[in-house]
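Scroll down for the structure; my scribbles are underneath it.
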Amino acid sequence: MMEKAETLFKEQQLKDQFENLEKHTQWGIEFVEKYSKFVKERSEIETNYAKQIRNLSKKYQPKKNSREEEESKYTFCRSFLTTLNELNDYAGQHEVIAENLTSQILTELSRYLQELKAERKLHFHDGRKAQQHIETSWKQLESCKRRFERDCKEADRAQQYFERMDADINVTKADVEKARQQAQMRQQMATDSKNDYSSYLQKFNQEQNDHYYTIIPSIFQKLQDMEETRIERIAVCMKTFSDVDRQVLPIVGKCLDGMTKAAESIEPKADSKQVVESYKSGFEPPGDVEFEDYGQAMKRTASDTSLTNSKESKEKPSGKSKGKLWPFIKNKNKLSLKLITLNSHIWNLIEGSGPEDFSHLPPEQRRKKLQGKIDELNKDIQKEMDQRDALTKMKDVYVKNPQMGDPASVDPRLSEIGQTIEKLQFEVQKFEGWLAEVEERMPSKSDSHRRSGLFETQNNTAVSNNCAQDRERPLSSPDGSYTEEQNSETQVKVNTHPVPTSSTPEFDDEFDDEETLPTIGTCKALYPFEGHNEGTISVTEGELLFVIEEDKGDGWTRVRRNEDEEGYVPTSYVEVFLETNAKGAMTYI
């Protein structure tokens with residue numbers, strides 16, 4: 001009885017351990033799933049962060065317009081652009097982190113998780129099978145034991161019945177013999193049951209010994225190995241989790257070093273100098289206003305030209321200009337209107353807005369823009385023609401091998417490409433027409449003989465003939481169109497005049513024979529002019545010069561830089577401010 005109770009206790013204890021192990025291993029699998037989910041969310045965070053960083057970098061990248069190109073000359077703008085590029089690379093490293101987390105951890109854990117579930121299921125299936133087998137053997141042993149017990153009791157009763165029958169004298173011999181045979185039969189059955197019980201008991205003991213000392217310990221060992229492998233795999237994943245970040249740290253450090261280097265490259269003084277060079281006027285402040293004595297009629301002058309006359313009276317004894325005119329002295333209303341128009345023109349150039357033919361740009365810039373547009377359209381035409389050639393070859397293949405495709409299916413696309421090429425060619429012709437128009441209006445060095453002939457007669461031509469009202473002079477307005485100037489301002493801009501060459505000896509003769517001419521105004525260079533030919537003078541954009549002889553209708557203005565440097569520049573390259581009371585001054589209507 002004690003043996004039975006002990007066996008039942010062991011079986012119950014073993015069953016409880018299996019249940020505890022099953023719960024623990026299931027919790028281990030859930031932990032692996034939880035860690036996989038954690039890594040997945042971290043990867044998604046890195047991906048979204050990288051995407052947002054890239055969008056931020058792209059958002060603040062400079063647009064392709066003239067204003068951004070103007071800003072690129074400042075060191076802090078270039079530094080900011082470098083920072084944006086480094087930030088874009090920095091975002092790329094976070095994408096690498098997300099990719100490595102997915103490939104090195106998530107993929108491996110997902111595959112291992114399936115293997116872990118299958119292995120756990122197999123081990124517990126083997127354990128349950130062994131448990132069921134030992135329980136079945138125990139039940140069979142109990143059955144043999146009860147049968148042996150029953151047969152022994154039956155044999156005892158049969159033996160007692162035979163002894164009573166044999167002692168009773170009233171019982172016949174036949175009845176006694178029958179009782180004896182019955183007792184012997186029961187005794188034999190008890191003996192057989194005893195042998196069966198003994199044999200099965202030995203078998204059960206062996207199976208029980210194998211069960212508790214071999215099978216179950218083996219299953220428990222496999223479960224232990226499985227658990228240790230799971231924990232080890234989690235440890236490897238956690239190490240990889242940190243290594244993924246550590247691998248990109250050198251490149252991230254380079255990105256941050258690039259940002260630091262860009263910040264250190266900022267030069268405040270150089271940037272402020274750029275601002276000064278861009279916006280300085282070059283004009284000197286006006287001199288002191290002289291006292292006008294109205295008590296003497298001979299010294300009275302017009303109130304609006306007192307400054308100019310006083311300056312001219314200083315210039316006449318020496319015949320040379322002593323300083324530059326201040327642009328904000330007289331005719332304030334017209335000057336304000338002119339500045340507003342000029343600012344509007346500048347902003348059009350900066351923002352890149354304007355008509356399709358770029359007529360709002362100066363001639364040389366307009367020519368470059370038109371040429372760039374033509375080149376771009378030609379590239380598009382070549383691209384479309386390449387596509388057409390490829391489709392034509394494909395159609396030929398379909399015609400020769402109908403099983404590969406229907407030749408008619410290519411026709412719509414060929415027709416579409418043909419229409420596109422026609423449109424692009426029309427656009428090219430349109431822009432080439434505008435380009436030809438610009439090149440015709442631009443100065444040409446081949447017209448030097450015409451310039452020479454005009455220059456020979458300029459000193460003999462009366463001023464009244466040059467400023468006749470019936471003469472139409474093309475001028476360049478801020479919006480790029482050619483209009484007639486109808487105000488009293490003496491600004492003159494001419495776009496198409498010949499450039500003097502070395503074949504015009506009159507320049508040198510005039511400079512040698514003439515005395516130093518007085519200054520009649522100032523001018524500002526709108527564009528740079530090289531001045532390689534004799535008689536001309538080179539100027540830089542924005543340079544301020546003195547005007548000593550205005551344009552006589554041939555497209556050239558004579559200017560002086562200092563006492564020793566003077567020469568001719570194209571009138572269309574400068575903006576002229578003539579003194580209204582200067583000798584020889586004239587206004588084109």
Collect the residues in segment 137-157 that are open to solvent by 70 Å² or more (accessible area, probe 1.4 Å) and not charged (D, E, K, R), keeping them in residue-number order.
140
How about segment 92-123: which of its residues are touching a helix residue (DSSP H, G or I) at 6+ places or on another chain (Cβ under 8 Å) and aliphatic (A, V, I, L, M)?
96, 97, 98, 101, 105, 106, 109, 113, 116
Would you check if there is a residue in segment 48-58 being crowded, with 16+ Cβ neighbours inside 10 Å, in contact with a Lys or Arg (Cβ under 8 Å, 6 or more places away or on another chain), aliphatic (A, V, I, L, M) and over 19 Å from residue 263 (Cα atoms)?
no
Unmet criterion (only one of (1) assigned to a helix (DSSP H, G or I); (2) surrounded by fewer than 13 Cβ atoms within 10 Å (Cβ to Cβ)) for residue 271:
(2)
Just checking, which of 535, 584 is at pLDDT 80 or above, farther than 23 Å from residue 365 by Cβ and over 53 Å from the mean Cα position of the chain (by Cα)?
535
Return a yes/no flag: does segment 63-74 have any residue that is surrounded by fewer than 16 Cβ atoms within 10 Å (Cβ to Cβ) and over 30 Å from residue 279 (Cα atoms).
no
Considering only helices (runs of 4 or more DSSP H) wholly within segment 1-116, the ones with at least 2 residues that are at pLDDT below 90 and of a type in the set (Phe, Trp, Tyr) are 2-59
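Per-residue answers, yes or no, for (1) farther than 30 Å from residue 102 by Cβ; (2) free of Cβ contacts under 8 Å to residues at least 24 places away in the same chain; (3) assigned to a helix (DSSP H, G or I); (4) open to solvent by less than 60 Å² (accessible area, probe 1.4 Å):
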position	(1), (2), (3), (4)
162	yes, yes, yes, yes
177	yes, yes, yes, no
180	yes, yes, yes, no
196	yes, no, yes, no
199	yes, yes, yes, no
216	yes, no, yes, yes
249	no, yes, yes, no
255	no, no, yes, yes
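The values are calculated or read from the model by the stated rules, or taken from the named source; none is laboratory data. Everything numeric here is computed off the predicted structure, so don't read it as measured data. Every residue, glycine among them, receives a Cβ derived from its backbone with ideal geometry; neighbour counts consider all protein chains shown. Quick note on the areas: whole protein, heavy atoms, side chains included, nothing else; ligands and nucleic acids left out. Shrake-Rupley method; radii C 1.70, N 1.55, O 1.52, S 1.80 Å.
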